[in-house]
1. Looking at (1) in contact (Cβ under 8 Å) with a residue 60 or more places away in the chain; (2) open to solvent by less than 60 Å² (accessible area, probe 1.4 Å); (3) more than 19 Å from residue 52 (Cβ to Cβ); (4) not in a strand (DSSP E or B), find the lone condition where residue 158 falls short.
2. I'd like the full set of residues that are open to solvent by 80 Å² or more (accessible area, probe 1.4 Å) and among the aliphatic types (A, V, I, L, M), limited to the range 116-136.
3. Please determine whether any residue of the range 174-187 is polar (S, T, N, Q) and either under 19 Å from residue 36 (Cβ atoms) or buried (at least 16 other Cβ atoms within 10 Å of the Cβ) (or both).
4. Checking residue 103 against (1) touching a residue at least 40 places away in the same chain (Cβ under 8 Å); (2) under 21 Å from the mean Cα position of the chain (by Cα): exactly one of these is not met. Which one?
5. Using the structure shown, decide if residue 28 is part of a helix (DSSP H, G or I), touching a strand residue (DSSP E or B) at 6+ places or on another chain (Cβ under 9 Å) and either aliphatic (A, V, I, L, M) or at pLDDT below 90 (or both).
6. What is the residue count in the range 162-186 for residues that are under 14 Å from residue 53 (Cα atoms) and not in a loop (DSSP other than H, G, I, E, B)?
7. Take the residues of the range 64-93 that are among the small types (Gly, Ala, Ser) and over 26 Å from residue 171 (Cα atoms): which is least open to solvent (accessible area, probe 1.4 Å)?
8. Restricting to the range 192-201, what's the tally of residues that are open to solvent by 40 Å² or more (accessible area, probe 1.4 Å) and in a strand (DSSP E or B)?
Amino acid sequence: MHRIKHTLALAGLLLLGATAFSQQVASRAKALRMMAFSRPEYQIKDIKVYTDTMTVYSLSPQVVYRFGQWVSVEQYITGNQLSWYREQGYRNYYDSMEVSVNRMRRYDDSYIDLYYSIWTKKVELLGGYLTDSEVQLVNGVHVGMAKDDVFRVFFKRYPRSYTDEVAVLKVVSGAGEVAEIYTFRGQKLRHIKIETAYKYY
């Protein structure tokens with residue numbers, strides 16, 4: 001009896017392992033298929049699918065400069081024709097100097113953190129969290145968009161079944177320093193989070 005229970009337990013573990021492996025193979029096959037549908041301007045180099053999250057690795061400058069390229073924070077403020085509340089502060093950069101960081105807020109507390117880099121001579125985005133549908137990325141994506149329309153920004157076409165279970169789409173820069181995270185609720189884009197790994201603190 002003990003041997004039968006042991007055999008059943010082992011069979012169960014093997015079945016779970018086989019199921020996990022087959023799901024991993026299916027996810028990889030789905031990712032490779034999606035690669036074939038990617039838009040060339042995004043220079044997508046890899047896609048990973050894990051449970052409800054699809055991660056897209058892109059070499060496009062749009063991923064780094066998702067609000068466009070600006071030479072000053074003031075130029076960005078006047079150029080996008082939106083009303084922002086501006087908060088200014090300082091953060092440590094490489095532990096040896098401080099940089100001026102501007103937190104730009106909207107009425108609903110959506111925000112983006114910006115600073116001017118003396119190395120790139122451009123305004124760099126350090127992070128953000130957007131729930132305001134009026135704030136639009138340079139690729140046209142904004143909160144409230146239909147899920148299919150968001151995916152069509154990055155892919156020419158794709159089987160709908162490939163994105164049905166995706167609740168989070170991460171678009172990551174080639175160097176992995178910048179990520180924009182699109183979170184869906186049902187068939188709508190609920191919010192956009194922007195994360196960076198720049199050494200500004």
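The values are calculated or read from the model by the stated rules, or taken from the named source; none is laboratory data. Note that the structure is a prediction, hence the values are computed from the model and not measured. Virtual Cβ from ideal backbone geometry, glycine too; neighbours counted across all protein chains shown. Areas reflect the complete protein model, heavy atoms only, side chains present, ligands, DNA and RNA absent. Shrake-Rupley method; radii C 1.70, N 1.55, O 1.52, S 1.80 Å.
1. (3)
2. 118
3. There is no residue in the range 174-187 that is polar (S, T, N, Q) and either under 19 Å from residue 36 (Cβ atoms) or buried (at least 16 other Cβ atoms within 10 Å of the Cβ) (or both).
4. Result: residue 103 fails condition (1) only.
5. Considered against the rule, which asks whether it is part of a helix (DSSP H, G or I), touching a strand residue (DSSP E or B) at 6+ places or on another chain (Cβ under 9 Å) and either aliphatic (A, V, I, L, M) or at pLDDT below 90 (or both), residue 28 comes out as yes.
6. Of the residues in the range 162-186, 13 are under 14 Å from residue 53 (Cα atoms) and not in a loop (DSSP other than H, G, I, E, B).
7. 89
8. Going through the range 192-201 one residue at a time, the tally reaches 2.
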